[in-house]
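Asker: Below: one structure in structure tokens.
The values are calculated or read from the model by the stated rules, or taken from the named source; none is laboratory data. Nothing here was measured: the structure is a model prediction, and the numbers come from that model. Methodologically, a virtual Cβ is constructed for each residue, glycine included, from the backbone with ideal geometry; neighbour enumeration extends over all protein chains shown. Surface accessibility is based on the protein's heavy atoms, side chains included, excluding ligands, DNA and RNA. Shrake-Rupley method; radii C 1.70, N 1.55, O 1.52, S 1.80 Å.
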Amino acid sequence: MNFPPVGLGTMGIDDPDAVATALALGYRHLDTARIYDNEAVVGQGLAAGLAADDGADEPLGRDDVTVATKLWIDDLAADAVAPAARESADRLGVDALDLLYVHRPRGDYDPDATLPALDRLVDEGLVRNVGVSNFELADLDRAVERLDAPLAAHQTELHPLFYRPELLDHARDHGYPVVAYSPLAGGRVREIDAVVEVAEAHGATPEAVAIAWATAKDPVVAIPKASSEAHLRANLAAADLELTDEEVAAIDAVEREEELFPE
Ligand SMILES: NC(=O)c1ccc[n+]([C@@H]2O[C@H](COP(=O)([O-])OP(=O)(O)OC[C@H]3O[C@@H](n4cnc5c(N)ncnc54)[C@H](OP(=O)(O)O)[C@@H]3O)[C@@H](O)[C@H]2O)c1
């Protein structure tokens, strides 16, 4: 699975061109969810991106792109998982989902029913990797224990206003990556003095610093959402910005806590 430091969050993207542009710029990880109601848009953008590259010397192939989506909490009963996953794949226009997450361990989630149903989809080939999102440590332990497939990712909120080091420790200990969602705090990183100070020192934007701060952490990749070409380009380049240990520590120490997506 291609999991570069910066992928594309697509919540709120309703134009396939943004996705196709992202692929042309070099994005290789697209993140959506049934609940975003835009899987078809992402699928159209993916198809357009692949078609646009068709004549290139080394054309972009379907397998170069990680297509990730999520089962919502009412799709998690044992008999609901397979139809929901098939519908997502159909809307995305793909034969297989590279990564299918449990969006939240709520609603119909039952580790003893939901996770075996996901394992069966891996065996059948509809799903290549299984991930979880918004899990707490106890939920993560249970998932690691219950899944036959290796846990492929934990997607969790991570930005300078909301950072849970214990979740990163768990990921390192168990050998799976953390996908940082809302890494720009939904566009609010400009309001954080510590981030602005580091940005000024580097002649960079606060958004670039927030992405560099997240991706400097092991084992984190980030999925900022962007719709304009300028933002898409800037966010992809941001992972190359190198922060000093002191700068990372200064942002770690930000005390203002703001979880954007609480339970
Ligand atoms: N698993 C979950 O429960 C969960 C929950 C929330 C989000 N997510 C995922 O995480 C992704 C990202 O999170 P998010 O959409 O909440 O917010 P985000 O990525 O933290 O912030 C997106 C906002 O920042 C703006 N922006 C992007 N790049 C910028 C730049 N270089 N300079 C200035 N502004 C910039 C965007 O504007 P433009 O669009 O105008 O570029 C948009 O308003 C989602 O799209 C989704 O895929 C997952």
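Asker: Where the second residue is hydroxyl-bearing (Ser, Thr, Tyr) and the first is closer than 26 Å to Leu46 by Cα and lies in segment 68-85, which pairs have Cβ atoms under 6 Å and are six or more apart or on separate chains?
Answerer: Note: pairs meeting the criteria are Thr69/Thr32; Thr69/Ser88; Lys70/Tyr101.
Asker: Report every pair of residues separated by at least 6 positions or lying on different chains whose Cβ atoms are under 7 Å apart, first residue within segment 104-119 and of a type in the set (Gly, Ala, Ser), second in a loop (DSSP other than H, G, I, E, B) and open to solvent by less than 60 Å² (accessible area, probe 1.4 Å).
Answerer: Gly107/Leu76; Ala113/Ala77
Asker: Do we find a residue being touching a strand residue (DSSP E or B) at 6+ places or on another chain (Cβ under 7 Å) and either touching a residue at least 40 places away in the same chain (Cβ under 8 Å) or among the polar types (S, T, N, Q) (or both) anywhere in segment 57-64? Show your work before the answer.
Answerer: Pass one, segment 57-64, residues touching a strand residue (DSSP E or B) at 6+ places or on another chain (Cβ under 7 Å): none.
No.
Asker: Within 15 Å of the ligand (Cβ to nearest atom) and surrounded by fewer than 16 Cβ atoms within 10 Å (Cβ to Cβ): which single residue out of Asp98, Asp63, Asp75, Asp37 fits that description?
Answerer: On the way: Asp98 fails: surrounded by fewer than 16 Cβ atoms within 10 Å (Cβ to Cβ); Asp63 fails: within 15 Å of the ligand (Cβ to nearest atom); Asp75 fails: surrounded by fewer than 16 Cβ atoms within 10 Å (Cβ to Cβ).
Result: Asp37 is the single residue among Asp98, Asp63, Asp75, Asp37 that is within 15 Å of the ligand (Cβ to nearest atom) and surrounded by fewer than 16 Cβ atoms within 10 Å (Cβ to Cβ).
Asker: Let me ask something else about it. Go over the candidates Glu207, Glu229 one by one and state the one that is closer than 27 Å to Arg28 by Cβ and touching a Lys or Arg at 6+ places or on another chain (Cβ under 9 Å). Step through it out loud before you land on a result.
Answerer: Values: Glu229 fails: touching a Lys or Arg at 6+ places or on another chain (Cβ under 9 Å).
Result of the check over Glu207, Glu229: Glu207.
Asker: In segment 161-263, which helices (runs of 4 or more DSSP H) lie fully inside it and hold 3 or more residues that are within 11 Å of the ligand (Cβ to nearest atom) and open to solvent by 20 Å² or more (accessible area, probe 1.4 Å)?
Answerer: On the way: elements: 165-174, 193-202, 206-215, 229-238, 245-252.
In segment 161-263, the matching helices (runs of 4 or more DSSP H) lie at 229-238.
Asker: Name the residue, out of Gly93, Gly107, that is over 25 Å from Tyr163 (Cβ atoms), within 16 Å of the ligand (Cβ to nearest atom) and open to solvent by 10 Å² or more (accessible area, probe 1.4 Å).
Answerer: Step by step, each of Gly93, Gly107 is checked, and only Gly107 is over 25 Å from Tyr163 (Cβ atoms), within 16 Å of the ligand (Cβ to nearest atom) and open to solvent by 10 Å² or more (accessible area, probe 1.4 Å).
Asker: Do we find a residue being in a loop (DSSP other than H, G, I, E, B) and surrounded by 17 or more Cβ atoms within 10 Å (Cβ to Cβ) anywhere in segment 141-149?
Answerer: Initially, segment 141-149 is screened for residues in a loop (DSSP other than H, G, I, E, B), giving 147-149.
From what is left, the residues that are surrounded by 17 or more Cβ atoms within 10 Å (Cβ to Cβ) are 147.
Yes, that holds for at least one residue.
Asker: Let me ask something else about it. Restricting the first residue to segment 5-27 and requiring it to be surrounded by fewer than 20 Cβ atoms within 10 Å (Cβ to Cβ), which pairs with a second residue that is acidic (Asp, Glu) meet a Cβ separation below 9 Å and a spacing of at least six or different chains?
Answerer: Pro5/Asp240; Met11/Asp31; Asp14/Asp37; Ala24/Asp53; Leu25/Glu229
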